[in-house]
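Asker: Here you go, one structure.
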Ligand SMILES: [Zn+2]
């Protein structure tokens, strides 16, 4: 297995792969959907949702909406950039858990020009934000510091509190 392939599951042991695969097959995918209201901070609300609902692991399936204020961190930048004017949210993707969220977004302005990047605090809903989320209850997304990147990165482990059958 290449070093850069990290699932959090111990692939050295064939039995743990099999166990994880069997667990995954048995899992019924649970989904939920929500609408964020005007003024809501996208990142903060999704962090709150994960904590409130004790989400072990989840992925955003899709989202549409608009922003009155937009703060994105562009690729390779340390600081975020505030975008002028209202924006349409074209895509919002990411992973959520009680350990934290990792969100990326692409938006377009009044001229239809697109920008995109890492979602930081300060992305405020203008009219609405409709989001569908898939829960992955048999996994746990942890966030641990990775010296190689200097960021807290995703660590995927089996969710021990998930029922066996
Ligand atoms: Zn990112």
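Coordinate-derived values only; no laboratory data. Remember, predicted model here, so these are calculated numbers, not experimental data. Note: ideal-geometry Cβ built from the backbone for every residue, glycine included; neighbour counts use all protein chains shown.
Asker: Given the peptides 95-107, 146-158, 63-75, arrange them by the average over their residues of other C-beta atoms within 10 Å, most packed first. Before the final figure, lay out the partial values.
Answerer: Working: 95-107: 20.0, 146-158: 12.8, 63-75: 17.8.
The packing order, highest mean first, is 95-107, 63-75, 146-158.
Asker: Any idea what the relative contact order of the stretch 101-162 is, in percent, if you count C-alpha pairs under 8 Å spaced at least 6 apart? Walk me through the numbers on the way to the answer.
Answerer: Working: 56 pairs, mean separation 13.3, N = 62.
Taking the mean separation of contacting Cα pairs over the length of the stretch 101-162, I get 22 percent.
Asker: Determine which residues of the stretch 51-74 fall in the zone a paramagnetic label at residue 157 would reach in this model, i.e. backbone nitrogen under 17 Å from the point 7 Å along Cα→Cβ.
Answerer: Label zone hits: 55-58.
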